[in-house]
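Read through the structure below, which is laid out as structure tokens, and then see the notes.
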Amino acid sequence: MSLQNETEDNWFRGQTELKIFRTEYRPFHAYISLVISVFGIIGNSLNVFILTRKKMISAMNILLTALAVSDGLKLIFHLTFIVLFFFVYDSALGPLVMVSYAMFYFIVAIVFHSASIWLTVSLAIFRYIAIRFPLRAATLCSRYRAKVTIFIVCVLVTVICIPNSLSYSYVSNKSDNVTNWYITVIGGMEGYNFVQKLNLWFSPFLVRLLPCLLLLLLSFLLIQELRRAAERSLKLRSQENDPSDDTIQKRTETNRTTGMLVVVVVLFIVIELPHGILLILVATNRGYFYDVYDPLGDLIDDITLLNNGINFVIYCTMSQKFRDTFIAMFSCSKVNC
């Protein structure tokens, strides 16, 4: 009995600490989100601009461009949300406009976020095929197939997110001659209860857990291929008396591109997998939402935003070709200034 009491005390203590954390973190949340969103929008805009240069066009870069567009749009809508709800008073636009935009943001944010995750899965699949079957890569991972993949991802995530779009609405509550609007979960009808349950289970599984499991497998396979590529490179160097600089540079750039993608994939897994597990816990026990998820909501939000906006730094750090193209864009010595 004493062990049970001790466990309950630890649980309540944990709840109290999480709520204290939420209270202390909340004042900084808006400013942190604002900075991350602005940084991410600029970074993703540069990604799109660089990756669409003529010499950068490839199947992989087409997918990376789509990922940058998806991340950038989510950050734009999030920035608008932060500005409206933390820096603009309700009286400026009216409570109905504010809650309408909040409803719109909650719908489109999950769509763009889902698209980003599944585009990352597609990138990992394309890259694995390219290095595992190099002779067939031009056919299997063509630009056309990359564009078809983007279209399929957009359609599928839109369908997957329909239950989320149908699960919420906004209602009014009049008090002291003042009408307040707020978002609520639609209830009262059997059909909508089914939709809510579908959303609680499908969203965590299809948007986070399943893609994270696929990314775990693909990252393992990519790392294995990187090791094999390193072994083949050493073997070829021992067999070749004087390998050409172009050959060495091509191998190095290929490995760097694969390594860059592994970093992007691992970052997604580190951020999305714990979030998915937490959402599954919420689906099994709604108490987790109020006791754990809600107090950590602002922090989870900021970490997810960081993942949406950090790819530009990864590309610049790990891709020589991307870095050279970026420098050339702003170098007067390489353009007509």
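Structure above, values below:
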{"quantity": "Sites ALA138 and ILE303, calculated FRET efficiency, Cβ-Cβ separation with R0 30 Å, nearest 0.05", "calculated": "0.20"}
{"quantity": "Amide H contacts of TYR170 (H built 1.01 Å from N, under 5 Å, at least 5 apart or other chain)", "calculated": "THR184"}
{"quantity": "Inter-centroid distance (Cα atoms) of region 137-171 relative to region 267-337, Å", "calculated": "19"}
{"quantity": "Packing rank of 95-106, 264-275, where each peptide gets the mean count of other beta carbons within 10 Å, highest leading", "calculated": "264-275, 95-106"}
{"quantity": "Net charge of neighbours whose Cβ lies under 15 Å from the Cβ of LEU63, counting Lys and Arg as +1 and Asp and Glu as -1", "calculated": "+3"}
{"quantity": "Surface per residue (accessible, 1.4 Å probe) for region 27-144, Å²", "calculated": "46"}
{"quantity": "Heavy-atom accessible surface of region 263-336: percent carbon and sulfur, 1.4 Å", "calculated": "68"}
{"quantity": "Simple label model, 7 Å out from Cα along Cβ direction - LEU281 to VAL97, nm", "calculated": "4.0"}
{"quantity": "Packing-based ranking, highest mean first, of 158-164, 287-293 given that Cβ atoms within 10 Å are counted", "calculated": "158-164, 287-293"}
{"quantity": "LEU216 versus SER169: modelled label distance in nm, points set 7 Å from Cα along the beta carbon direction", "calculated": "4.0"}
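The values are calculated or read from the model by the stated rules, or taken from the named source; none is laboratory data. From a predicted model like this one, the values you see are computed outputs, not experimental measurements. All Cβ positions, even for glycine, are placed from backbone atoms using ideal geometry, and neighbour counts span all protein chains on display. All accessible areas refer to the heavy atoms of the entire protein, side chains included, with ligands and DNA or RNA removed. Shrake-Rupley method; radii C 1.70, N 1.55, O 1.52, S 1.80 Å.
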